Amino acid sequence: QLDIPVEDIIEELGKRNKKRGGIISTTESNNGIGEGQSQTADEMQRGQVFNIKKSWRSLRDRRVRDSHIRADRRYAKEPILINQNFQVGAGFGQYPLSSTLPLDERIGCRCYTIYKKVKNV
C-alpha cells in the first residue's frame, strides 16, 4: 500500500492531462492550418498556366522523428503536385498533420508544407 496523499495524485494527474490537452489542441489546430493551405493552393491552381508543387518540411532539429526527416529530404529533392499525397512512414496525406496519416505520424508533428509555382511545359 502506498502512502501518497490523494491531493498529490490529483495534482499530478491534472498536470499530465494539461500537457496532453496542449499537445492534442496544438496538433488539431495545425491540422486545420495545413488543410486550409492545401485547399487554397488547390483553388489557386485551377485554370492557371502553371502547376503548384509542394514539399514536406520539418523543423530540422533533434526532435524531428526519422520518418519526417526522410520525407523532408525526399520531397525537397522531388516536390510533388498539390493533388498528390505525401508518403510519410507507412501513411499517406495531403499535408503534415493530415487526418489520413497514422496518429504516430501526426501527434506532436511540427512539420509544414512549402508551395511553389512551376510553369507548365
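Scanning region 45-62 for residues that are at pLDDT below 75 and open to solvent by 80 Å² or more (accessible area, probe 1.4 Å) yields Arg46, Gly47, Gln48, Val49.
Restricting region 84-99 to residues that are in contact (Cβ under 8 Å) with a residue 40 or more places away in the chain and not hydrophobic (A, V, I, L, M, F, W, C), the residue that is most open to solvent (accessible area, probe 1.4 Å) is Ser99.
Every condition in (1) open to solvent by 40 Å² or more (accessible area, probe 1.4 Å); (2) assigned to a helix (DSSP H, G or I); (3) more than 22 Å from Val118 (Cβ to Cβ); (4) modelled with pLDDT under 80 holds for Asp42 except the one numbered (3).
Got at least one residue in region 17-39 being farther than 21 Å from Val118 by Cα, of a type in the set (A, V, I, L, M, F, W, C) and surrounded by 17 or more Cβ atoms within 10 Å (Cβ to Cβ)? Within region 17-39 (the criterion being farther than 21 Å from Val118 by Cα, of a type in the set (A, V, I, L, M, F, W, C) and surrounded by 17 or more Cβ atoms within 10 Å (Cβ to Cβ)), the answer is no, since none of the residues qualifies.
The set of residues in region 38-78 that are more than 13 Å from the chain's Cα centre (by Cα), under 15 Å from Cys111 (Cα atoms) and not aliphatic (A, V, I, L, M) comprises Lys54, Arg60, Asp61, Arg62, Arg63, Asp66, Arg70, Arg73, Arg74, Tyr75. The number of residues in region 100-121 that are loosely packed, with under 12 Cβ neighbours inside 10 Å and either more than 17 Å from Glu28 (Cα to Cα) or touching a residue at least 40 places away in the same chain (Cβ under 8 Å) (or both) comes to 4.
Report yes if some residue within region 67-78 is open to solvent by 70 Å² or more (accessible area, probe 1.4 Å), touching a residue at least 40 places away in the same chain (Cβ under 8 Å) and out of contact with any Phe, Trp or Tyr (no Cβ under 6 Å at 6 or more places or on another chain); otherwise report no. No, region 67-78 has no match at all.
The values are calculated or read from the model by the stated rules, or taken from the named source; none is laboratory data. Predicted model, so just to flag it, every value in this text is computed and none were measured. Positions of Cβ are backbone-derived with ideal geometry, glycine not excepted, and every protein chain shown enters the neighbour counts. The area values use the complete protein model at the heavy-atom level, side chains included, leaving out ligands, DNA and RNA. Shrake-Rupley method; radii C 1.70, N 1.55, O 1.52, S 1.80 Å.
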